[in-house]
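The values are calculated or read from the model by the stated rules, or taken from the named source; none is laboratory data. Quantities reported herein were computed from a predicted structural model and do not represent experimental measurements. Here the Cβ positions follow ideal geometry from the backbone for every residue, glycine too, while neighbour counts run over all protein chains shown. Note: accessible area is taken over every heavy atom of the protein model, side chains too, but ligands, DNA and RNA are not part of it. Shrake-Rupley method; radii C 1.70, N 1.55, O 1.52, S 1.80 Å.
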Amino acid sequence: MMWAIATLLLAGVAQAAIPNAMLRGRPSLPKIPAPEHPVTSPNGTALPSIATVYYFDQLIDHNDPELGIFQQRYWMDWEFYEPGGPIILMTPGEDAADNYIGYVTNGSINGLIAQQQKGAAIVVEHRFFGDSNPYDDLTSQSLAFLTIQQAIDDLVYFATTVDLPMPGGDCVKPGQAPWVLIGGSYSGALTSWTMVNKPGIFWAGYASSAVVETITDYYAYFTPIRDYMPQNCSSDVEAVIAHLDSMYAVNDTSGIQALKEAFGLGDIVHVDDFAYALQYNLFDWQNLEPYVGPGALFFQFCDALEVKDGVNAGSQGWGLENAIYSWGKFWNTTYYNHVCNTQDAETCIGTYNTSQSYWTNVTVNNANRSWTWMVYAFSFKSISDLTNLSRCNQVGFYQVGPPEGQPAIVSRILQPIYDERQCVNMFPRAFASPPEPTTAETNKMYAGWDVDIPRLFFANGLRDPWREATVSADGLNKPNTTSMPIYESDGFHASDLIVENGIDDPSVAAVQEAALMYMKEWLAEWKPSAS
């Protein structure tokens, strides 16, 4: 039934390149452009532009309301809304939300549900991202209030307190109207965690590529990439990585220096920073969607390795010597400028100079700093606890090399300490030494893979690098039930959130159709509990 999805499409999708290499591999959502045409209600009344910014008085600390409020931004579209329809709520998570206002339109699954069910769609900005900041800086003192629990409580407080700007918007709180919580990637996990932690607020949920199970050594990020990238490309990448690791094992510094210079990265001082730079090409996999063609940066990278004199390498690749030459040439001629522009390699990629502005800049609207805090920050109860932290990690997800005995397209030089050390670089006041992870506590608190919540729809992609942290992880075998359906397409990261992907990939369309079916059934069962 792909035609049904196609008839609801408003806009295509554009995937912008991540400008800062240090943001690569973050579990963020694909973007949808916002349409520029006027919006009208079902009766033809002209509505405000979906780019209109609204503000909500959000609590700084849900444990201490006396601490005050901050202005949390949100956007909404009620072009399909009729009284009695649902309120569809999403936070895009770890980025400024004005990059994601297209999610209130029917170019997204959010808008498809709103259109089908005569509902209204909202995107609310996550605390400490964009301009939704309780304080005017991102110091560890301020970021003390950026935790998973505070984010959950934000969604609940918004739903139960907000008076929406649409007609009748003061009478659609949970109990008066059904609310549907939607998220993808981290915000997909937040959808699951919220419904576990605060049951009864949101009638239904949709969690796409939801990284519900926090994992410390997340080497499995690269498993779907290795499995589904061209085999000749993965063979040659493995050869280069094995060469680097073998030189590192015998302390062959001259050989390592020669390899760095082949990539135009001879200025990088520390070998772990060089090993991390070699991950960058793999992180480009996360930008792929079913509609993306062969000109995507990831495929440019593989073509540079595997096409020689117009001939494609066989499944074993061209071998180590050509791989070093070809991969290095790609970095020198194309990729270095994409990543570093005019910066020297050590300034661009090095992580040991703690005086660099990357570590010290505390101005707001810095998504990488806020996300780094979320990765590392443990849920402490007060600012005074900052001086007592020894275990501070909430979600982990260190994208490191695999254990010995497994195929490696990422160097085993990279281990969790590489990321943990950067926590100290960025937040020296909070962390005197590299923090140890507390992912087990996070999973215990919010159920992780053990989630069992009625009317929560999970959608995942076979080619998603974050798949192994979702309920579709290999070997988990979590049952697909009518109460908590689990669907998997052939898509990439959060592909099912985008309508255009369903047009290009029938397996994504099938997931979207199933979601619309379940939402129709679940919302028909809702009954008001408040007048």
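Listed here are the residues, each with its yes/no results for (1) more than 30 Å from residue 442 (Cα to Cα); (2) at pLDDT 95 or above; (3) open to solvent by 50 Å² or more (accessible area, probe 1.4 Å).
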residue: 220; (1), (2), (3): no, yes, no
residue: 248; (1), (2), (3): yes, yes, yes
residue: 253; (1), (2), (3): yes, yes, yes
residue: 259; (1), (2), (3): yes, yes, no
residue: 271; (1), (2), (3): yes, yes, no
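Taken together, the residues in region 166-223 that are in a strand (DSSP E or B), of a type in the set (Val, Ile, Thr) and in contact with a Leu (Cβ under 8 Å, 6 or more places away or on another chain) amount to 2. Any residue in region 135-143 that is surrounded by 23 or more Cβ atoms within 10 Å (Cβ to Cβ) and either outside any strand (DSSP E or B) or at pLDDT below 95 (or both)? Yes; the residues of region 135-143 include at least one that is surrounded by 23 or more Cβ atoms within 10 Å (Cβ to Cβ) and either outside any strand (DSSP E or B) or at pLDDT below 95 (or both).
Restricting region 149-170 to residues that are surrounded by fewer than 17 Cβ atoms within 10 Å (Cβ to Cβ) and charged (D, E, K, R) leaves a set whose member that is nearest to the chain's Cα centre (by Cα) is 163.
Having 3 or more residues that are of a type in the set (Phe, Trp, Tyr) and surrounded by 16 or more Cβ atoms within 10 Å (Cβ to Cβ) is the bar; report the strands (runs of 3 or more DSSP E) wholly within region 48-92 that clear it.
So the answer is 69-77.
Of all residues in region 481-491, none are touching an Asp or Glu at 6+ places or on another chain (Cβ under 8 Å), in a helix (DSSP H, G or I), farther than 21 Å from residue 286 by Cα and aliphatic (A, V, I, L, M).
Taking residue 307, is it over 23 Å from the mean Cα position of the chain (by Cα), open to solvent by 10 Å² or more (accessible area, probe 1.4 Å), closer than 30 Å to residue 508 by Cβ and among the β-branched types (Val, Ile, Thr)? Considered against the rule, which asks whether it is over 23 Å from the mean Cα position of the chain (by Cα), open to solvent by 10 Å² or more (accessible area, probe 1.4 Å), closer than 30 Å to residue 508 by Cβ and among the β-branched types (Val, Ile, Thr), residue 307 comes out as yes. Within the option set 173, 198, being touching a strand residue (DSSP E or B) at 6+ places or on another chain (Cβ under 9 Å) and open to solvent by 10 Å² or more (accessible area, probe 1.4 Å) holds for one residue only, 173.
Does any residue in region 437-458 that is at pLDDT below 95 come within less than 6 Å, Cβ to Cβ, of a residue that is surrounded by 15 or more Cβ atoms within 10 Å (Cβ to Cβ) and hydroxyl-bearing (Ser, Thr, Tyr) six or more places away or on a different chain, and which pairs are these? Qualifying pairs under 6 Å: 437/216; 439/214; 439/216; 442/214; 443/214.
Of all residue pairs spaced 6 or more apart or on separate chains, those with beta-carbon atoms under 7 Å, a first member in region 250-269 that is within 21 Å of residue 343 (Cα to Cα) and touching a residue at least 24 places away in the same chain (Cβ under 8 Å) and a second member that is among the charged types (D, E, K, R) and assigned to a loop (DSSP other than H, G, I, E, B) are 267/344.
Take the residues in region 273-294 that are among the hydroxyl-bearing types (Ser, Thr, Tyr) and under 30 Å from residue 500 (Cα atoms), then tell me which one is least open to solvent (accessible area, probe 1.4 Å). This residue is 280.
The sole residue among 468, 441, 436 that is open to solvent by 10 Å² or more (accessible area, probe 1.4 Å), closer than 17 Å to residue 221 by Cα and of a type outside the set (S, T, N, Q) is 468. Taking the listed residues 6, 17, the one that is modelled with pLDDT under 95, of a type outside the set (S, T, N, Q) and open to solvent by less than 60 Å² (accessible area, probe 1.4 Å) is 6, with no other qualifying.
Listed here are the residues, each with its yes/no results for (1) at pLDDT 75 or above; (2) part of a helix (DSSP H, G or I); (3) crowded, with 19+ Cβ neighbours inside 10 Å.
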| position | (1), (2), (3) |
| --- | --- |
| 347 | yes, yes, no |
| 353 | yes, no, no |
| 359 | yes, yes, no |
| 370 | yes, yes, yes |
| 374 | yes, yes, yes |
| 378 | no, no, yes |
| 386 | no, yes, no |
| 392 | no, no, yes |
| 397 | yes, no, yes |
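Within region 315-345, being in contact (Cβ under 8 Å) with a residue 60 or more places away in the chain, surrounded by fewer than 19 Cβ atoms within 10 Å (Cβ to Cβ), more than 26 Å from the chain's Cα centre (by Cα) and at negative phi holds for 315, 316, 320, 322, 325, 332, 344. Total residues in region 119-134 satisfying the condition of being among the basic types (Lys, Arg) and open to solvent by 20 Å² or more (accessible area, probe 1.4 Å): the figure is 0.
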